[in-house]
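The values are calculated or read from the model by the stated rules, or taken from the named source; none is laboratory data. Here the structure is a predicted model, which means the values were calculated and not measured. Cβ placement follows ideal geometry from the backbone for every residue including glycine, while neighbour counts extend to all protein chains displayed.
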Amino acid sequence: MSIEAQLEAMAAALRKHSEDLEIVIKSEHLDQMLEYARHVLMTNKTMNLTRIQSPEEFAIKHILDSLVCLRAGIPAGRGIDIGTGAGFPGIPLRILGVKPILLVDSLAKRVAFLNETIASLRLSDVVAIHGRAEELGRDPGYRGLFQWAVARAVAPLPVLLEYASPFVAVGGMVLCMKGSDANEEIEQAGRAVARLALTERNRIYVRLPLEMGQRCLIIYEKTGRTPQEFPRRPGVPTKRPL
């Protein structure tokens, strides 16, 4: 299937299934989503950005899945997308008007792709940087300066919370996107939640169209300052989760 045919099928899927999820995508935003998808699909020929090939699956599992974050009530102010990969969920959220957003990824080639794509789409108030969460979270230029953080499919929940919480200001939100095994991970993360000065505020369950899985949005409030010992040095959170 040609790129143009894939994008046409993707547009049809977005129009149809956005209604199922009560997501409003205006025509100008749909055009930007498709141009973004074009960049991902073209670059995916030479760089591993996604294993998803079906246009309908791309529309649902990447774009609409990113946009279900809007149900969490993302607060106004600066946000950060940790481990953004090909730009999910950050770029779809930015296209629908959420800003400003900092995209963080540990692979320099992906960051270059993201910034080229951002420039091509003429998106303001969004930028991608290369770095590891364990290092940036200790940097005064990033620590505690965001009103919200989001991460999708980055790590088990206790690890993810150690990555994300240091970036968020007291009173801000940490939004974790998890799948059908979320309840088990939430139980395992109890110690991390306590040590990182977080309080769980809500869980939102969303079933994706066409039986493509269930999404659980776990919403934490940052209720105190992150202890200085966190995040621990690179590799430690994964090897020794809280």
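Counting only residues that are in a helix (DSSP H, G or I), under 17 Å from the mean Cα position of the chain (by Cα) and among the hydroxyl-bearing types (S, T, Y), which one in segment 36-67 is farthest from G97 (Cα to Cα)?
Within segment 36-67, the match that is farthest from G97 (Cα to Cα) is Y36.
Is there a residue being assigned to a strand (DSSP E or B), under 14 Å from the mean Cα position of the chain (by Cα) and either surrounded by fewer than 17 Cβ atoms within 10 Å (Cβ to Cβ) or in contact (Cβ under 8 Å) with a residue 40 or more places away in the chain (or both) anywhere in segment 98-108?
yes
Of these, E184, E134, E116, E162, which one is assigned to a helix (DSSP H, G or I), of a type in the set (D, E) and at pLDDT below 95?
E184
Which of (1) over 18 Å from W148 (Cα atoms); (2) crowded, with 21+ Cβ neighbours inside 10 Å; (3) small (G, A, S) is the odd one out, the single condition G90 does not satisfy?
For G90, the failing item is (1).
Condition first: assigned to a strand (DSSP E or B) and either free of Cβ contacts under 8 Å to residues at least 60 places away in the same chain or touching a Pro at 6+ places or on another chain (Cβ under 6 Å) (or both). Now tell me which residues in segment 188-212 satisfy that.
At the first step, the residues of segment 188-212 found to be assigned to a strand (DSSP E or B) are 198-207.
Hits for segment 188-212 are L198, T199, E200, R201, R203, Y205, R207.
Out of the residues in segment 213-231 that are in contact (Cβ under 8 Å) with a residue 24 or more places away in the chain and assigned to a loop (DSSP other than H, G, I, E, B), state the one that is surrounded by the most Cβ atoms within 10 Å (Cβ to Cβ).
P231
Only one of these is at pLDDT 95 or above, touching an Asp or Glu at 6+ places or on another chain (Cβ under 9 Å) and farther than 18 Å from L114 by Cβ: A59, A9. Name it.
Residue meeting the stated conditions: A9.
Condition check: of a type in the set (D, E) and at negative phi. Does D139 satisfy that? Steps first, please.
Values: of a type in the set (D, E): yes; at negative phi: yes.
Against the criterion (of a type in the set (D, E) and at negative phi), D139 qualifies.
On the given criteria, is G85 surrounded by 19 or more Cβ atoms within 10 Å (Cβ to Cβ), modelled with pLDDT of 95 or more, of a type outside the set (S, T, N, Q) and part of a loop (DSSP other than H, G, I, E, B)?
Answer is yes for this residue.
Inside segment 177-196, can you point out the residues that are of a type in the set (G, A, S) and surrounded by 15 or more Cβ atoms within 10 Å (Cβ to Cβ)?
Within segment 177-196, A182, A189, A192 qualify.
Could you run through segment 33-50 and say how many residues are in contact with a Leu (Cβ under 7 Å, 6 or more places away or on another chain), of a type in the set (A, V, I, L, M) and more than 15 Å from S66 (Cβ to Cβ)?
Counting residues in segment 33-50 that are in contact with a Leu (Cβ under 7 Å, 6 or more places away or on another chain), of a type in the set (A, V, I, L, M) and more than 15 Å from S66 (Cβ to Cβ) gives 0.
Within segment 118-137, identify whether any single residue is polar (S, T, N, Q) and surrounded by 16 or more Cβ atoms within 10 Å (Cβ to Cβ), and answer yes or no.
No, that holds for no residue.
With (1) under 28 Å from L41 (Cα atoms); (2) at pLDDT 95 or above; (3) exposed (fewer than 14 other Cβ atoms within 10 Å of the Cβ) as the list, and T199 as the residue in question, which single condition is left unmet?
(1)
Can you go through V206, V168, V174 and tell me which one is in contact with a helix residue (DSSP H, G or I) (Cβ under 7 Å, 6 or more places away or on another chain) and buried (at least 23 other Cβ atoms within 10 Å of the Cβ)? Break it down stepwise before answering.
Values: V206 fails: buried (at least 23 other Cβ atoms within 10 Å of the Cβ); V168 fails: in contact with a helix residue (DSSP H, G or I) (Cβ under 7 Å, 6 or more places away or on another chain).
Step by step, each of V206, V168, V174 is checked, and only V174 is in contact with a helix residue (DSSP H, G or I) (Cβ under 7 Å, 6 or more places away or on another chain) and buried (at least 23 other Cβ atoms within 10 Å of the Cβ).
When you check R71 against the structure, is it under 14 Å from the mean Cα position of the chain (by Cα), within 26 Å of R203 (Cβ to Cβ) and surrounded by fewer than 19 Cβ atoms within 10 Å (Cβ to Cβ), yes or no?
yes
Cβ-Cβ below 7 Å, separation at least six or inter-chain, first residue in segment 3-15 and assigned to a helix (DSSP H, G or I), second of a type in the set (G, A, S) and surrounded by 13 or more Cβ atoms within 10 Å (Cβ to Cβ): which pairs?
L7/A37; M10/A37; M10/A59; A13/A59; L14/A59
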